[in-house]
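Accompanying notes for the structure given below.
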Amino acid sequence: MGKGPRNYSDLTIKRLYALSDNRCAFPGCPVVFTNPNNSNNFSNICHIEDAEEGGRFNPNMTDRQRASFENLILLCPNHHLETSENQKFTVDSLREMKQRHESLSISKGLTKNPSMLKNTINAISNLSLEDIIESEELNVYNPKLKLNYNSVKTNYSLIQDYKVYQGKINSLYDELERQGSIKKEKLLSNVNQIYAKIKGNYVLDSENSLEIIRLNADSILDDVFDELYGQLENSNFFEEDIILGVRLILVDAFIRCKILEEPIENDSK
């Protein structure tokens, strides 16, 4: 779409609009981006940490990170202009605004389509990656402990907020197990295989893999999403609503230690 910090991928744009509920993310804003009777689009793709020097610009970010889903928020033109006042609208406040808006969008999506999570589970479990990996059952950790152990930063609040959906996901998994289905095992195995692939791209032959994972935890989480969603989009089980469900399933898989590393007692950071 653009260059450098505005080189948004097609997947990033899809995720932004899918999680926008077709509305400006500014609290209380009534602006609807598009409607069936109007071909105009009243949305602006806005950077949380600025694309250019000044304001909320972070010199330690790469252009890829600046153009990533996690650093972008959809606003109407008026609120794009208003939020450029960086002293009033900080990075943290904009991230919170984005997160709250997207959480509401997911909640609305689940209400509109109660089968969304079930359809997402079916789609991920039906991916043909490799045979199921027989591995020991890893512990389910308090998300805060695992977030801190892996040095997750950008996705920290998101995972803490989305863990509330774990009960609903557990109920779906329990139902599948009562039916004698192995979809839960296939899903978690597929997610774990994708994580292993992404992890390998970062760690390579390093002798200190945990340090590298901690330095890149947020990018690894984002890459796992991108890889999984790409696999789903090219499968026969793809539905548009899956983009809303995938993140919830991945947060659950994170808590089950299928993504990022299992905390080791007495291992200091």
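The table below gives the values:
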{"quantity": "Criterion (of a type outside the set (Gly, Ala, Ser), under 14 Å from Leu187 (Cα atoms) and touching a Leu at 6+ places or on another chain (Cβ under 9 Å)) met by exactly one of Leu244, Leu248, Leu221", "calculated": "Leu248"}
{"quantity": "Unmet criterion (only one of (1) buried (at least 18 other Cβ atoms within 10 Å of the Cβ); (2) at pLDDT 90 or above; (3) not β-branched (Val, Ile, Thr)) for Leu244", "calculated": "(2)"}
{"quantity": "Restricting the stretch 211-232 to residues that are surrounded by 14 or more Cβ atoms within 10 Å (Cβ to Cβ) and either of a type in the set (Lys, Arg) or without any contact (Cβ under 8 Å) to a residue 24 or more places away in the chain (or both), the residue that is nearest to Asn148 (Cα to Cα)", "calculated": "Arg214"}
{"quantity": "Hits in the stretch 173-210 (condition: under 15 Å from Leu250 (Cβ atoms), crowded, with 17+ Cβ neighbours inside 10 Å and of a type in the set (A, V, I, L, M))", "calculated": "Leu187, Leu188, Val191, Ile194, Ile198"}
{"quantity": "Unmet criterion (only one of (1) in a loop (DSSP other than H, G, I, E, B); (2) touching a strand residue (DSSP E or B) at 6+ places or on another chain (Cβ under 7 Å)) for Leu94", "calculated": "(1)"}
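The values are calculated or read from the model by the stated rules, or taken from the named source; none is laboratory data. Fair warning: this is a prediction, and the values are worked out from it, not measured in the lab. No Cβ is skipped: glycine too gets one built from the backbone with ideal geometry, and neighbour counts run over all protein chains shown.
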